[in-house]
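I have placed the structure first, in the form of structure tokens, so that the comments after it can refer back to it.
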Amino acid sequence: MKHCVHPSNLAPGLMLGHDVELGDDLELGAGVVIHSGTVIGDRCEVQDGAVLGKRARLGSRSSAPRTDPGPLVLEAGAVVCAGAVVYAGARIGAGAIVGDQAQVRERSSVGEGSVVGRGTGLENDVRVGAGVRIQTNCYITTNTVIEDDAFVGPGVVTTNDDTMGRHGPDFELAGPVLRRASRVGGGAVLTPGVEIGEEAFVASGAVVTRDVPPRAVVMGVPARVVREVPEADLIAAWRS
């Protein structure tokens, strides 16, 4: 262990691997598991039953890379809530929150100040920018990109494979791209490779099968453009 803390600051049942780097002023809950190599910055909070630095167990037909993903890194002030699992190779930005029972897989990153809601799953190789809000019980598939200040409503599902597994080894999974300050309503489905434009708005329950232009409002199955996001509803108007 590269940086020790006094035993009185450690909660009951802590399991600590080798070569773990622990910052100052940590809050560690009961039953926390921290696997070898994990790096935890100053003022982080890890709540009861969380698992940090878990190694992925890939299926025999998985196309995910099998190389060493490197260590899990929690930047200063990050919070991992009760029962969450954050894999080796992930990075959780400063002040970001991973909610209860959420999962963040290898090589995925969560930007500064972002929130991943309860029970949400971020698959491997997902990029989440700063100030993003992902609500409860979302599924964020491999190779998804969510840019700064985007909003993802509860129960949103993203997909990345039009063939549903019937493809060769050279097939590339194409996750959706959510541009800056875009918003996706609860229960929407984003199909492989679609782009949600900057400041676009996807209504609840929509199924998005094609790219959404910037500032467009789309709704329906399949989703269709119905109007434009007004100036008063753009993110700049809410920050002035």
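Listed values, structure above:
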{"item": "Failed item, numbered, when ALA76 is tested on (1) more than 15 Å from GLN103 (Cβ to Cβ); (2) touching a strand residue (DSSP E or B) at 6+ places or on another chain (Cβ under 6 Å); (3) hydrophobic (A, V, I, L, M, F, W, C)", "result": "(2)"}
{"item": "Residue in region 112-126 that is within 27 Å of GLU27 (Cα to Cα), open to solvent by 30 Å² or more (accessible area, probe 1.4 Å) and in contact (Cβ under 8 Å) with a residue 24 or more places away in the chain present", "result": "yes"}
{"item": "Scan of region 189-208 for residues that are among the small types (Gly, Ala, Ser) and open to solvent by less than 10 Å² (accessible area, probe 1.4 Å), ordered by number", "result": "GLY197, ALA200, ALA206"}
{"item": "Qualifying residue in region 91-99 (condition: among the hydrophobic types (A, V, I, L, M, F, W, C), open to solvent by less than 20 Å² (accessible area, probe 1.4 Å) and in a loop (DSSP other than H, G, I, E, B))", "result": "yes"}
{"item": "Matching residues, region 42-55, being assigned to a loop (DSSP other than H, G, I, E, B), surrounded by fewer than 20 Cβ atoms within 10 Å (Cβ to Cβ) and modelled with pLDDT of 95 or more", "result": "ASP42, ARG43, ASP48, GLY49"}
{"item": "Check on GLY205, part of a loop (DSSP other than H, G, I, E, B), within 21 Å of GLN135 (Cβ to Cβ), at pLDDT 95 or above and within 24 Å of the chain's Cα centre (by Cα)", "result": "yes"}
{"item": "LEU10 surrounded by 14 or more Cβ atoms within 10 Å (Cβ to Cβ) and modelled with pLDDT of 90 or more", "result": "no"}
{"item": "Residue satisfying all of: in region 56-73; in contact with a strand residue (DSSP E or B) (Cβ under 7 Å, 6 or more places away or on another chain) and open to solvent by 30 Å² or more (accessible area, probe 1.4 Å); farthest from ARG166 (Cα to Cα) among these", "result": "PRO71"}
{"item": "Tally, over region 127-136, of residues that are part of a loop (DSSP other than H, G, I, E, B) and either touching a residue at least 40 places away in the same chain (Cβ under 8 Å) or within 13 Å of THR158 (Cβ to Cβ) (or both)", "result": "2"}
{"item": "Long-range neighbours under 9 Å by Cβ, at least six apart or interchain, first residue under 17 Å from ALA216 (Cβ atoms) and part of a loop (DSSP other than H, G, I, E, B) within region 169-189, second open to solvent by 40 Å² or more (accessible area, probe 1.4 Å) and modelled with pLDDT under 95", "result": "ALA181/ALA236"}
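Results for (1) modelled with pLDDT of 95 or more; (2) within 21 Å of PRO154 (Cα to Cα), shown as yes or no for each residue.
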position: ARG183; (1), (2): yes, yes
position: GLY187; (1), (2): yes, yes
position: GLY197; (1), (2): yes, yes
position: ALA200; (1), (2): yes, yes
position: MET219; (1), (2): yes, yes
position: VAL226; (1), (2): yes, no
position: PRO230; (1), (2): yes, no
position: ALA236; (1), (2): no, no
position: ARG239; (1), (2): no, no
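The values are calculated or read from the model by the stated rules, or taken from the named source; none is laboratory data. No experiment lies behind these values; they were computed from the predicted model shown. Because the Cβ atoms are built from the backbone with ideal geometry, glycine has one as well, and the counts that use them run over all protein chains shown. Note: areas computed on protein heavy atoms with side chains; ligands, DNA, RNA excluded. Shrake-Rupley method; radii C 1.70, N 1.55, O 1.52, S 1.80 Å.
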